[in-house]
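What follows is a single structure, written as structure tokens, with notes after it.
The values are calculated or read from the model by the stated rules, or taken from the named source; none is laboratory data. Nothing here was measured: the structure is a model prediction, and the numbers come from that model. We place every Cβ from the backbone using ideal geometry, glycine too, and count neighbours over all the protein chains shown.
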Amino acid sequence: STSCNSPSEVHILVSYHALVYVSTVCLDTAILCALSLGTAELLPLFGNHDVLGGLVCMWSVAITRWALICSLLLSNVDLKQRAVMKRWAAAHCFLGSVYESCRQVMFGGPLESGAGPLENPWFLVLNTVAAAATCLFWEITFPDSNKENNRKEKKQKTMVLFIRVICFLKKDLVILAGALIFLFLAVLCELFALLQTGKIIDALGSPSHWNDFPSALFLMSLFSFGNTLSVGCREGFFSCAISSFTRKVKVQLFGSLVFQEIGFFESTKTGDLASRLSADTGLMGHVVSLSTNLLLRTLIELLGIMVVMFGLSWKLTLLILMEIPLTSLLQSIYDTYYQRFSKEILDSMARANDVASEVMAGIRTVRSFNMERNEALRYSKTLLEIHSLRTRRDVVRSIYGLLRKVTDLGIRVAMLCYGQKLILSGQMSTGTLVFFIFYQRDLGNRIKTSVWILGDIVNSLSTAEKVFEYLDRKPQVSTDGTLQPDTLRGHIQFHNLTFSYPAYPDQPVLQGLSLEAKPGQMTALVGPSGGGKSTCVSLLERFYQPQDGEILLDGQPLQSYQHQYLHSKVAMVGQQPILFSGSIRDNIAYGLKNCSMERVIQAAQKANAHEFISQLEHGYDTDVGEHGGQLSGGQKQRIAIARALIREPQVLILDEITSCLDTESEQMVLQALANCPSQTLLVIAHRLKTVERADQIFLIDRGVIIEKGTHHELMEKRGKYYKLREMIFTEKADLKIIL
Ligand SMILES: Nc1ncnc2c1ncn2[C@@H]1O[C@H](COP(=O)(O)OP(=O)(O)OP(=O)(O)O)[C@@H](O)[C@H]1O
């Protein structure tokens, strides 16, 4: 056991398990002797030479022994050894019965084990040794099989995932029911058409049945037509249900993603999210299609074929069915590898997507740094990784295919040999064997298909896991506030804020910061780059949650306000405003229903954007292109200001709008804002003119407020503000910093 530390502990544990094993074998022998005595009494009821009766007794004894051993053993061994002991108990109890049954099917004759251990003790010894050897071989070859708990958990997880995937189909039950009805009809029509084909062959074979030919031909055509029609309808209904399913998953996933906190998007790559939204949701649709359509159809057909085969020869059918455990074993080993590779390939693909989208989005930066080749190399490396993983997966797939073919061939050869034996002994006709050859391939194909589908469902479900992970994720910044007062003054107070970004939890960006912004006043945040100014604004926008301290809006905690209400009252224009593809009008009226053109123009005029928009060929209907790529930085910023102003927010935050605006535009915007005297204006600025007119200035450095007051107060103080003034607020200094 891995929980043991010292050799003596290991020794004690091994001795304990050896003792449990030996006493179980002794106990089992005693049980077997007792049961054999009982069955010896029962056997005459079947007739002493009745093999079937002997086999029934053997299996009954085996099941009883197994049940007794399991109940006695499993309570006395620890959890880790329980899986091994369970396998051993199964081998020990059933090996003899399996051997006798197979031997009977193949060669017949009297039972080798006789009536039990009393009659043939060597059979018992041989059985014990063989079971121990089989177990030893298994544990050495497949050490992973000991992780039973893990596997159990995995299986349960897969089952839960499967049920959750299927639950998405709840609303499409009517469509699904239609699809299932046509599925059954298609299978029935196919079976009946086959039966009629048999009748046609019979009619053609003997002249006395020629009169049956036209009716059989008519019925065969009718059923074949019914089959074709049902197949078409079935596929139509299934496609409809699956398309609706995929749409629903995508909508829910997207809905869940957009509500996540900003920190989530910083720590999760865009390519990864795009991959989940497109590829993974598609794969979930594939699971539904496989399970509801293909698997169900194959299982029904499989059942039909098995009924026919058992009717023809149960012995030969049992022989053919031996393929199932072999195939399942191969499949389960293959699945483990395939699943691992599939997951790694998906992750690599997400990484490759990420590289591609990052480079495309930042192509200007890539070009200006002459990094095209390096980026192409980076992309090629990620592709190479995918290629290598795919190659490894394909090698495993080929080996698996080869082993499957060998198994199939082995079973067919065994069937032919045994079939010939049955024909020679007169137990079967040549015609029946021909039928068997035909059905065996069909049965094999159906088993292969259903095992493959099951494997594929499990593989595809591993991707569903990630989708559900995102679907279930609760945003870490809650949006369940309810406060919506009729009037909001816009009084902001930061109390002892301590904050570090989720990506760097050990590096506090704000350290006990407190400030106040009053309604009707312009408050400026200034300070060296990286001091924490934009972070203050992000916290006010509730992009993140501070670790300590609180932000009050009109005396109430910020998180108690209703999400939509808060964002309609607090608007921000960021350093790099983002526009969405669409017209200028759509961008200004973003998120507002039934917004009149007059309001749009008014907001644009305040933002000093009306003039340049009017000069454009299509005016307010001009398409801004992806991310507003067809406009200059200053134009984008003015549209973003108009977008904020149209909402008539009570609190307006301007985060370095000076970065893209010329002095004249900026002054015009600020003049327009001065016309709303009750508004709280929070400005982060680098220009002296902007800061000078502020009612109060906060100098922030390394997450703390160093100085505060009006421009004149701070200048008179001759402190840090005075010293930094030259460096931060002059146009020349701006240039120096940029260069
Ligand atoms: N999303 C983020 N994740 C991790 N760290 C961040 C993030 N945004 C900013 N930081 C870090 O937080 C610190 C403060 O950044 P912030 O943007 O608030 O400074 P700033 O004063 O606004 O600077 P600037 O004037 O250059 O815009 C910096 O050290 C920065 O590296």
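Out of 113, 97, I need the residue that is assigned to a loop (DSSP other than H, G, I, E, B) and either assigned by TED's automatic domain parsing to the domain that holds residue 34 or at pLDDT 75 or above (or both). Which one? Before you say what the answer is, go through the steps one by one.
Values: 97 fails: assigned to a loop (DSSP other than H, G, I, E, B).
Just one listed residue meets the conditions, 113.
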Revision key, fill the gap. (1) under 30 Å from residue 501 (Cβ atoms); (2) part of a loop (DSSP other than H, G, I, E, B) all hold for residue 678 apart from (1)
Study note, to complete from the structure: (1) small (Gly, Ala, Ser); (2) surrounded by 15 or more Cβ atoms within 10 Å (Cβ to Cβ); (3) modelled with pLDDT of 70 or more all hold for residue 733 apart from (3)
**Study point:** Close pairs (6 angstrom Cβ cut-off, 6 or more residues apart or separate chains): assigned by TED's automatic domain parsing to the domain that holds residue 682 in the stretch 494-521, of a type in the set (Lys, Arg) anywhere
**Key:** 519/489
Point to revise | the stretch 603-624 - residue that is in a loop (DSSP other than H, G, I, E, B) and polar (S, T, N, Q) and, of those, surrounded by the fewest Cβ atoms within 10 Å (Cβ to Cβ) | key: 622
Review point. Hey, among 256, 244, 275, which residue is touching a helix residue (DSSP H, G or I) at 6+ places or on another chain (Cβ under 8 Å), under 14 Å from residue 166 (Cα atoms) and assigned by TED's automatic domain parsing to the domain that holds residue 167?
Key: 244
Check your understanding: Exactly one of (1) part of a helix (DSSP H, G or I); (2) modelled with pLDDT of 75 or more is unmet by residue 627. Its number?
Key -> (2)
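From the list 471, 461, exactly one residue is outside any loop (DSSP other than H, G, I, E, B), modelled with pLDDT under 80 and under 24 Å from the mean Cα position of the chain (by Cα). Which is it? Break it down into steps so the answer makes sense when it comes.
Details: 471 fails: modelled with pLDDT under 80.
Testing whether each residue is outside any loop (DSSP other than H, G, I, E, B), modelled with pLDDT under 80 and under 24 Å from the mean Cα position of the chain (by Cα) leaves just 461.
Being touching a residue at least 12 places away in the same chain (Cβ under 8 Å), part of a helix (DSSP H, G or I), in the same structural domain as residue 306 (by TED's automatic domain parsing) and more than 24 Å from residue 279 (Cα to Cα) narrows it down to one of 378, 404, 390, 367, so name that one. Give the derivation first.
On the way: 378 fails: more than 24 Å from residue 279 (Cα to Cα); 390 fails: more than 24 Å from residue 279 (Cα to Cα); 367 fails: touching a residue at least 12 places away in the same chain (Cβ under 8 Å).
That would be 404, the only listed residue that is touching a residue at least 12 places away in the same chain (Cβ under 8 Å), part of a helix (DSSP H, G or I), in the same structural domain as residue 306 (by TED's automatic domain parsing) and more than 24 Å from residue 279 (Cα to Cα).
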**Study point:** Tabulated pairs, the stretch 297-318, first within 17 Å of residue 411 (Cβ to Cβ), second hydrophobic (A, V, I, L, M, F, W, C) and surrounded by fewer than 16 Cβ atoms within 10 Å (Cβ to Cβ), C-beta under 6 angstrom, 6+ apart or interchain
**Key:** 317/310
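So in the stretch 237-292, with the set limited to residues that are part of a helix (DSSP H, G or I) and within 16 Å of the ligand (Cβ to nearest atom), which one is surrounded by the fewest Cβ atoms within 10 Å (Cβ to Cβ)? Break it down stepwise before answering.
If we filter the stretch 237-292 for residues that are part of a helix (DSSP H, G or I), which is where we start, we get 237-258, 262-267, 270-292.
Cutting the leftovers down to within 16 Å of the ligand (Cβ to nearest atom) gives us 262-267, 270.
Details: 262: 17, 263: 17, 264: 17, 265: 14, 266: 13, 267: 10, 270: 14.
It comes out as 267.
State yes or no: is residue 640 at pLDDT 75 or above, in the same structural domain as residue 565 (by TED's automatic domain parsing) and crowded, with 21+ Cβ neighbours inside 10 Å?
Details: at pLDDT 75 or above: yes; in the same structural domain as residue 565 (by TED's automatic domain parsing): no; crowded, with 21+ Cβ neighbours inside 10 Å: yes.
No, not satisfied.
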Review point. Which strands (runs of 3 or more DSSP E) sit wholly inside the stretch 486-570 and have at least 3 residues that are within 14 Å of the ligand (Cβ to nearest atom) and surrounded by 16 or more Cβ atoms within 10 Å (Cβ to Cβ)?
Key: 492-499, 510-517, 522-526
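Answer yes or no: is there a residue in the stretch 470-484 that is within 15 Å of the ligand (Cβ to nearest atom), at positive phi and not assigned by TED's automatic domain parsing to the domain that holds residue 255.
no
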Exercise for review: With respect to residue 707, determine if the residue is more than 50 Å from the chain's Cα centre (by Cα), modelled with pLDDT of 85 or more and within 16 Å of the ligand (Cβ to nearest atom).
Suggested key: yes
Check your understanding: Is it true that residue 587 is within 35 Å of the chain's Cα centre (by Cα), surrounded by 13 or more Cβ atoms within 10 Å (Cβ to Cβ) and more than 16 Å from the ligand (Cβ to nearest atom)?
Key -> yes
Exercise for review: Please verify whether the stretch 189-201 includes one or more residues that are under 30 Å from residue 236 (Cβ atoms), assigned by TED's automatic domain parsing to the domain that holds residue 288, surrounded by fewer than 16 Cβ atoms within 10 Å (Cβ to Cβ) and at pLDDT 80 or above.
Suggested key: no
